[in-house]
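**Student:** Below is a structure I'd like to ask you about.
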Amino acid sequence: MLKWLNLSAVVIVLDQISKWLMLSWLDLHETVAVLPSFNLTLAHNYGAAFSFLASAGGWQRWFFVALALAISTVLIIWLKRLGDHAKLEAASLALILGGAVGNVIDRLVHGYVIDFLDVYYGSYHWPAFNIADSAICVGAVLLIFDSFRSKTEPQ
C-alpha cells in the first residue's frame, strides 16, 4: 500500500507550490477577495491548529516538527501494513501524511506555517489555513468515516 505515498507527494507539491505563489504575490496580512465568504490572506502561523501555542517563545517550532515527524513515521508504518482492500483507509492516511509533511517543510524552512485560505461569514473569520491543513482535515474525516464502515474483508 506504499503506492499511496504518491498521493502524499501530490499533496506536498501542491501545498508547497501554492505557498510559494502566495509568498510571491501577497504581503503579510494582505487580503484579496476571491468569492463571497472567501479571501486569500497571507498569514504566518507560529503555533499549531488555530495558532495554538503561537506565542510560546519558539520552542514550539521544534516540538511540532518532532511531533509531526513521529506521527508521519507511524502513518507510514500503518500504511505499509494495510491490506490491498483498505483503499479508503490508505487514501486517508496518505492525505494526513502529505499535509503533515507539507507543514513540517514550512516550519523547517521558515520557522512558521504559511496560511492563506480565509473563509468567513459576515465578520466571523475561520482561522486562515492552507492546502496541507485541508488534506489533514479531509484525511481525518475520511478515516473516521472508514472506521464506521462494516469490514467484510478478512483482517
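**Student:** Is it the case that the range 20-33 has a residue that's of a type in the set (D, E, K, R) and under 15 Å from V101 (Cβ atoms)?
**Tutor:** No, the range 20-33 contains no residue that is of a type in the set (D, E, K, R) and under 15 Å from V101 (Cβ atoms).
**Student:** Out of all the residues in the range 109-137, which are touching a Ser or Thr at 6+ places or on another chain (Cβ under 8 Å), aromatic (F, W, Y) and farther than 13 Å from N45 by Cβ?
**Tutor:** Once the filter is applied, which keeps residues that are touching a Ser or Thr at 6+ places or on another chain (Cβ under 8 Å), aromatic (F, W, Y) and farther than 13 Å from N45 by Cβ, the range 109-137 yields Y120, Y121.
**Student:** Just wondering, is there one or more residues in the range 9-27 that are surrounded by fewer than 16 Cβ atoms within 10 Å (Cβ to Cβ), touching a Gly at 6+ places or on another chain (Cβ under 8 Å) and modelled with pLDDT of 95 or more?
**Tutor:** yes
**Student:** Let me ask you something else. Could you identify the single residue in Y112, Y121 that is in contact with a strand residue (DSSP E or B) (Cβ under 6 Å, 6 or more places away or on another chain), of a type in the set (F, W, Y) and touching a residue at least 60 places away in the same chain (Cβ under 8 Å)? If you could, list the steps in order and put the result at the bottom.
**Tutor:** Values: Y121 fails: in contact with a strand residue (DSSP E or B) (Cβ under 6 Å, 6 or more places away or on another chain).
Residue meeting the stated conditions: Y112.
**Student:** Can you name the number of the only condition in (1) modelled with pLDDT of 95 or more; (2) within 27 Å of L2 (Cα to Cα) that I114 fails?
**Tutor:** In the conditions (1) modelled with pLDDT of 95 or more; (2) within 27 Å of L2 (Cα to Cα), I114 misses (2) alone.
**Student:** Something else: Counting only residues that are outside any strand (DSSP E or B) and of a type in the set (F, W, Y), which one in the range 123-145 is farthest from L95 (Cα to Cα)? Walk me through it before giving the result.
**Tutor:** First pass over the range 123-145, keeping only residues outside any strand (DSSP E or B): 123, 126-128, 130-145.
Subsequent filtering for residues that are of a type in the set (F, W, Y) retains 126, 145.
Working: W126: 22, F145: 14 Å.
Looking at residues that are outside any strand (DSSP E or B) and of a type in the set (F, W, Y), I get W126.
The values are calculated or read from the model by the stated rules, or taken from the named source; none is laboratory data. Keep in mind that what you see is a predicted model, and the values were worked out from it rather than measured. When we count neighbours, we look across all protein chains shown, and the Cβ atoms used for this are built from the backbone with ideal geometry, even at glycine.
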